[in-house]
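So the structure is just underneath, and the comments pick up after that.
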Amino acid sequence: MKINQSVPVQGAQVVTRVARLLQLVGRNPAGTPLAEIVRDSGLTRPTVHRLLSSLAAEGLLDHDPVTHTWHYGPEIFVMGTVAAHRYPIEELARPSLLRLAEETGESAFLSIRRGAETVCLLREEGSFPIRSFVLYEGLRLPLGVASAGLAILAYLPESEVGQLLVQDDAFVDRWGQNHSPTAIRANLEQTRITGYSVNPGLILEGSWGMGAAIFDRSGQPAWALSLTGIERRFTAERREILGQLLLEEASRITQALQRARV
């Protein structure tokens, strides 16, 4: 989304811009270069550099002078540690990830919904030696892209799904016709039938994923468990087994969340 450069940078607009920059920096654990942040923020280079420098001065960001990349700073770590006590999802989900990885041999993930995106929070490696590295901690993907987002999107109200599936040219250029509204809706229908989603190599050819939604206390799909691996590990027969395991663990976490004090 492009931001109108002619509008004065005041009040809430500054907060919106800062929040967007923090999201862009955090999507790559290896660090994000300035050019990429400028491109995806829709802001001018001087504006981005000024805001990033201000955030770094407050300890929220770090700049690596060798790789010329931006990273989360120590204050982000402190904030995250404090916030973790308010949101017990990682503690509750970790045993499920371990069981999924151990029983299937695939990589298991926990993702959270944040607005129109999912963010990968946790990863647990399976024992199978060939792995898919499409998904990693901190990665943000649009809802409807990848199995976690599909699993969540399938259980949102239709009015909200319609709003989320409005795509611009940049979305189409980035994700292709495999993620057109028509294609996503077809996948959502199948997800509602089986209860779990399947991504048949739509992001990266040969890399498959499956997901199941986790629901919060109000019954909204707020997180998702997923498994990823190579195509030959996701035969039709095995998908039924994997899907059932995902649904069982997602249900276990949902029930634990109902009992948790938050």
| request: With +1 on each Lys and Arg Cβ and -1 on each Asp and Glu Cβ, and nothing else charged, work out how big the dipole of region 86-164 is about its Cα centre, in Debye to the nearest 20. | output: 180
| task | Calculate the dipole size of the chain relative to its Cα centre from +1 charges on Lys and Arg beta carbons and -1 charges on Asp and Glu beta carbons; express the result in debye to the nearest 20. | result | 420
| field | the chain - percent of accessible surface contributed by carbon and sulfur, probe 1.4 Å | value | 56
| task | Could you work out how far helix 11-26 tilts from the main Cα principal axis of the chain, as a 0 to 90 degree angle to the nearest 10? | result | 60
| said: Given points 7 Å out from each Cα along the Cα-Cβ axis, report the E75 to I230 separation in nanometres with one decimal. | reply: 4.6
| Looking at [x] 1.10; [y] 1.04; [z] 0.95, which value of Cα Rg over 2.2 N^0.38 Å comes from a calculation on the structure shown? | [y]
| note | Here FRET efficiency (C-beta to C-beta, R217 to A19, R₀ 25 Å, nearest 0.05) is 0.45
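Accessible area per residue for region 45-172 in Å², computed with a 1.4 Å probe and the full protein assembly in place, what is it?
Accessible surface, normalised per residue, equals 52 Å².
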| query | Got a sec to turn the phi values of region 171-187 into Karplus ³J(HN,Hα) couplings, 6.51 cos²θ - 1.76 cosθ + 1.60 with θ = phi - 60°, whole Hz, x for Gly and Pro? | reply | 5, 4, 4, 6, 10, x, 5, 4, 10, 6, x, 5, 5, 5, 4, 4, 5
| query | What FRET efficiency, computed as 1/(1 + (r/R0)^6) with R0 = 22 Å and r the Cβ-Cβ distance, is obtained for E137 and A183, rounded to the nearest 0.05? | reply | 0.20
| region 102-206: GluC sites (Glu not before Pro) in DSSP loop, at most 10 other beta carbons within 10 Å | E205
| message | Rounded to the nearest 20 debye, what is the charge dipole size of region 27-177 about its Cα centre when +1 sits on each Lys and Arg Cβ and -1 on each Asp and Glu Cβ? | response | 180
| field | Cα lying deepest toward the dipole's positive end in region 56-175, options W175, S107, G162, charges on Cβ | value | S107
| Between R39 and R259, what is the label-to-label distance in nm when each label sits 7 Å out along the Cα-to-Cβ direction? | 4.8
| query | Got a sec? Charge dipole of the chain, +1 on Cβ for Lys and Arg, -1 for Asp and Glu; which of L135, H68, T235 is way out at the positive end? | reply | H68
| Given a Förster distance of 35 angstrom, what is the FRET efficiency for E237 paired with D64, based on the Cβ-Cβ distance and rounded to 0.05? | 0.15
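The values are calculated or read from the model by the stated rules, or taken from the named source; none is laboratory data. The structure presented is a predicted model; accordingly, all values stated were derived computationally and were not measured. Glycine also receives a Cβ, built like all others from the backbone with ideal geometry; neighbour counts cover every protein chain displayed. The protein model used for the area step is the full one, side chains on, heavy atoms only, and it has no ligands, DNA or RNA in it. Shrake-Rupley method; radii C 1.70, N 1.55, O 1.52, S 1.80 Å.
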